[in-house]
Every structure is written in structure tokens, then in C-alpha cells.
Amino acid sequence: MELAIYNINGEDTGRRAQLNDAIFGIEPNQHALYLDVKQFLANQRQGTHKSKERSEVSGSTRKLHKQKGGGGSRIGDINSPVLVGGGRVFGPRPRDYRFKLNKKVKQLARKSALSLKAQNNAIIVVEDFSMEAPKTKEFVKIAKNLKIDGKKILLVLAGQEKNVYLSSRNVPGASVMTATDINTYSLLNSNALVLTEGGLDVINKL
């Protein structure tokens, strides 16, 4: 598969970029995509939620009234879950939500996400570029030139470009990553995938 290469002014350079069919041309595996996104979101969870149970609520442990003969229901202490202000039954406890996913499944999911982007014509290849200083206005201008302003943008670079990253931070929906750091969730969460030539070369060899 071939795509036109644009410059940051949105002009076609006349050159073509070759996309590796083994990465951008496979049949997407929906279950692998589901598992990888599920793992990514699970790993973001802090798992620090906690509610007080019966033994942890502050209050007397005195039995409120005798077990039988009162004509009412049986009841224990004031910390009982059935009373207002009592403990919670089976409340959330701190836990680790992370789970293991095989490396090959994650690779398949990433390739499936890239293939989906290719099928939906959501990939743009641009020449390698850098910025002399962080300027949000310049980043927005590039997005407008490429006709993707207002969309969720994922810009993939070959290596670290601090000024490009800093320029994108205040742009809603825009994110910048290196080619070795891309993940299935970030790919699926974007409407437009912008690959620099260097970034595409790295992905083609993954």
C-alpha cells in the first residue's frame, strides 16, 4: 500500500510512502483489540477505592435491644449495615486491576489498529519536521494545512522532539508519541493518524 507524502504546508511532495502490508494490511482481529484496550484501561486504574465495613465504622458494639420479645426485628449493634450510618456490606477494597496479556496478542492488536486506520483512510504521511521553539500556534497551523484541525490527532514521530510535544499540549484532542511507544488504545482513540516519514520507517520494521 502506498500513500502520498505531504509537507507541513499541506502540499503533496510528489513522493510516495510504502506501508508494510504485514502491519497495515492484515484482517483486524476484533477480540485482540478488545483485550488490549481492556488491559490498557485496567492498568490506568489506581485501585485505591475503599469503604468502611461493619468492623471499621465508629460506634458502640452494644446490642440495641434484646433478641426476642420486643415485637420487632432482631438487631445487633448500631454499626449494622441495615441501619443508617452503619457499615457497608461487601464494599470496595483496594486491589490491583492489572492483568497479563501475551506479547503476541498485543502485537496483533497493534497491527489490527493500524490496519483499521489504513482501511478507513485515516493515515497521513508527512515529511520529518522539527520546531525551533514550542509554539501552539504553529502546531494548529500544521493541523489546518493537513485539514485535520478539530479532530483527535495522533502524531507519531521517529524519536523525541520536545518542542513538537510541548506545542501540542494545549491543543484539545492532540497527542504526540514516538513510533516505539504507540499502543492500541491511542491508535483507536484518534480520528487522524499522522505519521512522519521517520516514524513510518520505524513502524514498518516493528
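The values are calculated or read from the model by the stated rules, or taken from the named source; none is laboratory data. Not measured: the values here are computed from a predicted model. Note: ideal-geometry Cβ built from the backbone for every residue, glycine included; neighbour counts use all protein chains shown. Surface areas here come from the heavy atoms of the whole protein model, side chains and all, with no ligands, DNA or RNA. Shrake-Rupley method; radii C 1.70, N 1.55, O 1.52, S 1.80 Å.
Some observations on this one:
- Solvent-accessible surface (1.4 angstrom probe) belonging to Glu2, in square angstrom, nearest 10: 120
- Placing a label point 7 Å from the Cα of Gln18 along the Cα-to-Cβ direction, the residues of the range 185-206 whose backbone N falls under 20 Å of that point are 195-206.
- Cα long-axis angle, helix 103-119 against the chain (0 to 90 degrees, to the nearest 10): 60
- When restricted to Cα atoms, the chain yields an Rg and a Dmax of 26.8, 93 Å, respectively.
- Only protein heavy atoms count here; on that basis, with a 1.4 Å probe, Thr180 has an accessible area of about 100 Å².
- Among Gly70, Gly173, Gly86: highest mean-square fluctuation, GNM of the chain, C-alpha pairs under 10 Å: Gly70
- A 1.4 Å probe over all protein chains sorts Tyr34, Tyr185 by accessible area into Tyr34, Tyr185, starting with the largest.
- Cubic angstrom per residue, convex hull over Cα atoms of the range 109-206: 86
- Per-residue SASA entry for Leu101, accessible area with 1.4 Å probe, Å² rounded to 10: 30
- 1.4 Å probe accessible area per residue over the range 139-206, in Å²: 48
- Gained length - Lys135 relative to Leu41, 0.36 nm times residue gap less alpha-carbon distance: 30.7 nm
- Largest first, the residues His65, His31, His49 sort by 1.4 Å accessible area into His31, His65, His49.
- Selection from Gln160, Phe40, Phe139 lying farthest towards where the dipole of the chain points positive, charges on Cβ: Phe40
- Distance between the pseudo-spin-label points of Lys100 and Ser51 (7 Å out from Cα toward the beta carbon): 3.3 nm.
- Most fluctuating residue given options Lys152, Lys104, Lys66, as computed from a GNM of the chain linking Cα atoms under 10 Å: Lys66
- Cut-off 11 Å, label 7 Å out along Cα→Cβ of Asp77, residues of the range 44-59 by amide N: 54-59
- In the chain, taking the dipole from charged Cβ atoms about the Cα centre, the farthest positive-side position among Leu108, Ser58, Val126 is held by Ser58.
- Mean residue ellipticity (222 nm) of the chain, computed from DSSP H runs ≥ 4 via -39,500 (n - 2.57), nearest 500: -9000 deg cm²/dmol
- Separation in nanometres of the label points that stand 7 Å from Cα toward Cβ, at Asp201 and Asn9: 2.4
- Computed in the context of the full set of protein chains, the accessible area of the chain at 1.4 Å probe radius has 49% of its extent on carbon or sulfur.
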